[in-house]
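Below is one structure; the comments refer to it alone.
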Amino acid sequence: MAIPILAIGLRSAFLALCCVMIATLVYTISIDGLPFRRDLLTPWMTVTLVDFYINVVPFAAWTYYKESNHFTAVIWIILLICFGSVTTCAYIFIQFLKLSPQESLQDPMYYVLLQHDTKDGVGQKQKNHSSVVPARIGFSILGCLMAATLVYTILTDGSPFRKELFTPWMVATLIDFYINIAALSVWIAYKESSWLHGFLWIILLICFGSISTCAYIVNQLLQLTSQDPLYLVLLKRDNSTIPHLSFQHIPISFRINCCCFIFITT
């Protein structure tokens, strides 16, 4: 029996990252108290939080798309805002648990990314309009906002590479931030057919955070037409144009006709 190594590996990795973040939170609270203090909001902590929450936006959008129940989607998004990468990793872990053995073997990332109703390659809701253009504009604005925030803070508060900035809660926030970066990096590695392109984008993510996230998403959205369903941005280019079809998806009448044709010709 084949073992779904990729699905098991990713599921285990996200569970481990979730546990790391929980341990980090517990440890930081024990040594430095709760984070709800004004003295913690230094200029660079504010920049880090803005960077962090801009990166939460694509996870929130994906969660809203994945969940068929709007109430459940809103609850997950609130948890994302409150608990950051703990929720990110827990949600992704749960999505991997929902995969069937066949899905885990075939293409686990494809089935995790897509909503259940679109897994046969057909859009779940045919709408009269697409959200591609508004998404391009939205992520462009977020990327510019982060770039402006970064430049302003450098001009007014200097370089972030100073020892006094690395308080316990700053370190915890950075760990939280880079766990979300790890999740985004998995998606980019899946999306990119070239290892070099994927590696370069991941390096940019690590160095520039949500600026690179927004730039990558806008770049992917520009490869879609304005009429395309927005969920296609989640997939590899080949998967976004060729639906995953198994033998069971082919109509019975077509199968019978094919068999008759083969029988006659032979």
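The values are calculated or read from the model by the stated rules, or taken from the named source; none is laboratory data. For clarity, every value in this text was computed on a predicted model and none was experimentally measured. Positions of Cβ are generated from backbone atoms using ideal geometry, with glycine treated the same way; all protein chains shown enter the neighbour counts. When the accessible area is computed, the model is the full protein with side chains, heavy atoms only, and any ligands, DNA or RNA have been set aside. Shrake-Rupley method; radii C 1.70, N 1.55, O 1.52, S 1.80 Å.
Numbers at a glance
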item: Output for the stretch 101-115, where each listed residue is hydroxyl-bearing (Ser, Thr, Tyr) and farther than 10 Å from residue 234 by Cα; result: 104, 111
item: Test: residue in the stretch 214-234 that is at pLDDT below 95, open to solvent by 60 Å² or more (accessible area, probe 1.4 Å) and touching a His at 6+ places or on another chain (Cβ under 9 Å); result: yes
item: Flag for residue 134 being open to solvent by 30 Å² or more (accessible area, probe 1.4 Å), out of contact with any Asp or Glu (no Cβ under 7 Å at 6 or more places or on another chain) and not in a helix (DSSP H, G or I); result: no
item: Odd one out for residue 30, checked against (1) within 30 Å of residue 160 (Cβ to Cβ); (2) part of a helix (DSSP H, G or I); (3) in contact (Cβ under 8 Å) with a residue 40 or more places away in the chain; result: (3)
item: Residues of the stretch 137-161 satisfying the condition of being touching a residue at least 60 places away in the same chain (Cβ under 8 Å), open to solvent by 60 Å² or more (accessible area, probe 1.4 Å) and of a type in the set (Val, Ile, Thr); result: 156
item: For residue 36: the one exception among (1) surrounded by 16 or more Cβ atoms within 10 Å (Cβ to Cβ); (2) not in a helix (DSSP H, G or I); result: (1)
item: Residue within the stretch 94-104 that is in contact with a Ser or Thr (Cβ under 7 Å, 6 or more places away or on another chain) and modelled with pLDDT of 95 or more present; result: no
item: Residue count for the stretch 186-202, restricted to those that are surrounded by fewer than 18 Cβ atoms within 10 Å (Cβ to Cβ) and not in a helix (DSSP H, G or I); result: 2
item: Residues located in the stretch 188-200, provided they are out of contact with any Phe, Trp or Tyr (no Cβ under 9 Å at 6 or more places or on another chain) and touching a residue at least 40 places away in the same chain (Cβ under 8 Å); result: 193
item: Check on residue 209, of a type in the set (Gly, Ala, Ser) and over 19 Å from residue 54 (Cβ atoms); result: no
item: Any hit, the stretch 166-177, residues being surrounded by fewer than 17 Cβ atoms within 10 Å (Cβ to Cβ), part of a helix (DSSP H, G or I) and either among the aromatic types (Phe, Trp, Tyr) or without any contact (Cβ under 8 Å) to a residue 40 or more places away in the chain (or both); result: no
item: Single unsatisfied condition, residue 129 versus (1) at pLDDT below 90; (2) over 23 Å from the mean Cα position of the chain (by Cα); (3) at positive phi; result: (3)
item: Within the stretch 68-89, considering residues that are touching a residue at least 24 places away in the same chain (Cβ under 8 Å) and open to solvent by 30 Å² or more (accessible area, probe 1.4 Å), the one nearest to residue 204 (Cα to Cα); result: 81
